[in-house]
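Notes for the one structure printed next.
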Amino acid sequence: QVQLVESGGGLVQPGGSLRLSCAASGIIFRLYGMGWYRQAPGKQRELVAGISSGGSTNYVDSVKGRFTISRDNAKNTVYLQMNSLKPEDTAVYYCNTRLPKNDIWGKGTQVTVSS
């Protein structure tokens, strides 16, 4: 059974930093691309950052220069380093991978940016 488990969310002041982690199990992790999505109240879920199996990365424009996605294949874990956080980054952040037959999602971790 494939599982993704996120951690690292919390409450942080504007300008602060957080690092999210997503631990994967049940897949050959190094073979798959991974993504971080977020969903704010009343908004659609959006892709924040993605990393391919080969390490290529992409970001939504609103986080470029502030967020960094990375992966550690030895630990079956993908990370999202978030710096210079803004109130508009407040959302539930989800980890995702796309298998040949279905998408796998974690349960999400809440990030709240507020003073």
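The values are calculated or read from the model by the stated rules, or taken from the named source; none is laboratory data. From a predicted model like this one, the values you see are computed outputs, not experimental measurements. In this analysis, Cβ positions are derived from the backbone assuming ideal geometry, glycine residues included, and neighbour counts consider all displayed protein chains. The accessibility values were calculated without ligands, DNA or RNA, using every heavy atom of the protein model including side chains. Shrake-Rupley method; radii C 1.70, N 1.55, O 1.52, S 1.80 Å.
Just a yes or no: is a residue in segment 54-63 under 23 Å from residue 112 (Cα atoms), free of Cβ contacts under 8 Å to residues at least 12 places away in the same chain, open to solvent by 40 Å² or more (accessible area, probe 1.4 Å) and assigned to a helix (DSSP H, G or I)?
Checking segment 54-63: at least one residue is under 23 Å from residue 112 (Cα atoms), free of Cβ contacts under 8 Å to residues at least 12 places away in the same chain, open to solvent by 40 Å² or more (accessible area, probe 1.4 Å) and assigned to a helix (DSSP H, G or I).
So, in segment 78-106, exactly how many residues are under 28 Å from residue 41 (Cβ atoms) and open to solvent by less than 40 Å² (accessible area, probe 1.4 Å)? Give the steps one after another, and end with the answer.
Initial filter on segment 78-106 (under 28 Å from residue 41 (Cβ atoms)): 78-98, 102-106.
Now restrict to residues that are open to solvent by less than 40 Å² (accessible area, probe 1.4 Å): 78-80, 82, 85, 89-97, 104, 106.
Qualifying residue count, segment 78-106: 16.
Those residues that are open to solvent by 40 Å² or more (accessible area, probe 1.4 Å), in contact (Cβ under 8 Å) with a residue 24 or more places away in the chain and under 17 Å from residue 101 (Cβ atoms), I need them from segment 16-50; list them, please.
Listed by number, the residues that qualify are 26, 32.
Inspect segment 5-15 for any residue being loosely packed, with under 15 Cβ neighbours inside 10 Å and at pLDDT below 95 and give the result as yes or no.
The answer is no; no qualifying residue exists.
Can you say whether residue 70 is in contact with a Phe, Trp or Tyr (Cβ under 6 Å, 6 or more places away or on another chain), open to solvent by 40 Å² or more (accessible area, probe 1.4 Å) and among the small types (Gly, Ala, Ser), as far as the supplied structure shows? Steps first, please.
Values: in contact with a Phe, Trp or Tyr (Cβ under 6 Å, 6 or more places away or on another chain): yes; open to solvent by 40 Å² or more (accessible area, probe 1.4 Å): yes; among the small types (Gly, Ala, Ser): yes.
Spelling it out, residue 70 is indeed in contact with a Phe, Trp or Tyr (Cβ under 6 Å, 6 or more places away or on another chain), open to solvent by 40 Å² or more (accessible area, probe 1.4 Å) and among the small types (Gly, Ala, Ser).
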